[in-house]
Amino acid sequence: MSIIFDRMSERIEEWRMEDWQLKSKGGNKVLSEVTVAQAYGGMRGVRALICDTSRVPQDKGLIVRGMPLAELVDKTPEEVYFLMLTGDLPTKDELKSFTDDIKARKNVPAYVWDLLRAMPRDTHPMVMLNSAILIMHKESVFADEYDRGIKKDDQWKSTLEDALNLVAKLPAIAAGIYRMKFNKGEIIPPDSSMDLAGDYFHMLGVSDVPDFKDLIRLYLVAHCDHEGGNVSALATQVISSSLADLYYSLSGAFNGLAGPLHGLANQESLKWVLEIMEKYGGTPTNNQIKEIVAKTMESGKVIPGYGHAVLRITDPRFDAFLNFGKKHFPNDPVFLTVSRLYEVVPEELKKIEKIKNPWPNVDAVTGAILYYYGLKEFSYYTVMFAVSRSLGLTAQTVINRAMLTPLFRPKSVSTQYIRDIVG
Ligand code: HAX
């Protein structure tokens, strides 16, 4: 058993004590009042969830356990996962123990490959990923222990076992899906000597350019978490609050990630960029961009990769990938188009009053970078996003279970109730 169980045990004792004190001292304090507009509006801005793995202030973007993304761009996914689970970056010895533990859990059960091979050829890669996760439910240590009877206080430990098993296996499953779905040849098995990013790079078999390995590492880190209220995070927590195990809750969350307003936006964004380039025969001029923004909006579509439900600045994750592109392939025409869109689109969106955030989110750039390295199958992009986000979603679930978070059950009201309030 790796150091992570000991380190979490120590922290959970402190966290539980603090929670108990906060609830006894200030249980009646008000965090948020809910307006009629918020009840109709996707609960935007309603403060009713607790998430400590990361926060997303609207003027700063992703901060993981107090560390802004800019301070994490050189870290490995294992370091950031340890940080989310415990609140601290690992020491050198802790990182080795933690990484070794994950390496030892990589093997994917053979029945997962049988299932994936039996699926129709035109199955979406996200359906393949979610089916693979769901069929592994019988591996759940939590479900097994729960059936045999387990003290509530200790349920986080078997949830952590499930989390580590899933995080360790997902790169192999995701890479296998890529090779199977897009006829890239035999599945490349995981290598137990490699870390998560290195092995995902190796198993995809897309490119042997070392920069691509750096990109995968950055990709996994930058997409690791985005606080607790986004669709996939909320879905995970709602499902797991019923004491469903992580196999159920993670696959449910990824069904939400597959939507065009959430994780699918990166593929929509690249598709839009390539359509623009085809229409104008290369990188468009500023005037052409203005024209296409207007036309896209007129047709009733959103500008993919722009706007955000929380952020009111350029997403720092967009900045991180833009800097990566500037360093490694500044003159690539697709990348140049993404950069030029960034110069023009926000000014155009600012003219539309209802849009609260005219700035790019992470999805405005990542597709272009994957495309540059030869990963050109758009429908796969959300799978990579899911592999990365599994870090934050599983960390949040382990912590919620440790904090004995009860069953979610907000109260709904009827339209008549609203009529009565509005008068
Ligand atoms: N293009 C056109 N219209 C936009 C827009 C955009 N990029 N962003 C917002 N709007 C519109 C909304 O559709 C909404 O219009 P209606 O009132 O007619 O429905 C209005 O402006 C107000 O929206 P908002 O309050 O600014 O933003 P929301 O919180 O409602 O939505 C979205 C946030 C991210 C869904 C939205 O900005 C959007 O659709 N962006 C394009 C898709 C996208 O990039 N999604 C990825 C987000 C990042 C993420 O979660 N990744 O997983």
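Please treat every number below as a calculation from the coordinates, not as lab data. Note that this is a predicted model, so its numbers are computed, not measured. No Cβ is skipped: glycine too gets one built from the backbone with ideal geometry, and neighbour counts run over all protein chains shown.
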Among residues of region 341-370, those that are among the aromatic types (Phe, Trp, Tyr) and touching a helix residue (DSSP H, G or I) at 6+ places or on another chain (Cβ under 6 Å), counted: 1
Any hit, region 57-68, residues being surrounded by fewer than 15 Cβ atoms within 10 Å (Cβ to Cβ) and of a type in the set (S, T, N, Q): yes
Options PRO68, PRO90, PRO57: the member that is closer than 17 Å to GLU10 by Cα and over 16 Å from the mean Cα position of the chain (by Cα): PRO90
Residue check, ASN287 part of a helix (DSSP H, G or I) and either in contact with a Ser or Thr (Cβ under 6 Å, 6 or more places away or on another chain) or within 11 Å of the ligand (Cβ to nearest atom) (or both): no
Lone qualifier among ILE369, ILE421, ILE399 - being in contact (Cβ under 8 Å) with a residue 12 or more places away in the chain, over 14 Å from the mean Cα position of the chain (by Cα) and over 29 Å from PHE82 (Cα atoms): ILE421
Residue ID - farthest from LEU257 (Cα to Cα), chosen from residues in region 352-382 that are within 15 Å of the ligand (Cβ to nearest atom), of a type in the set (Phe, Trp, Tyr) and part of a helix (DSSP H, G or I): PHE378
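Residue by residue, here is whether (1) within 15 Å of the ligand (Cβ to nearest atom); (2) part of a helix (DSSP H, G or I) holds:
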{"site": "ALA244", "(1), (2)": "no, no"}
{"site": "TYR248", "(1), (2)": "no, yes"}
{"site": "GLY252", "(1), (2)": "no, yes"}
{"site": "PRO260", "(1), (2)": "yes, no"}
{"site": "LYS271", "(1), (2)": "yes, yes"}
{"site": "LEU274", "(1), (2)": "no, yes"}
{"site": "GLU291", "(1), (2)": "no, yes"}
{"site": "ARG317", "(1), (2)": "yes, yes"}
Residue selected from region 220-239 under the condition in a helix (DSSP H, G or I) and more than 13 Å from the ligand (Cβ to nearest atom), by the criterion nearest to SER388 (Cα to Cα): LEU220
Residues located in region 242-260, provided they are within 26 Å of GLY66 (Cβ to Cβ) and surrounded by fewer than 23 Cβ atoms within 10 Å (Cβ to Cβ): none
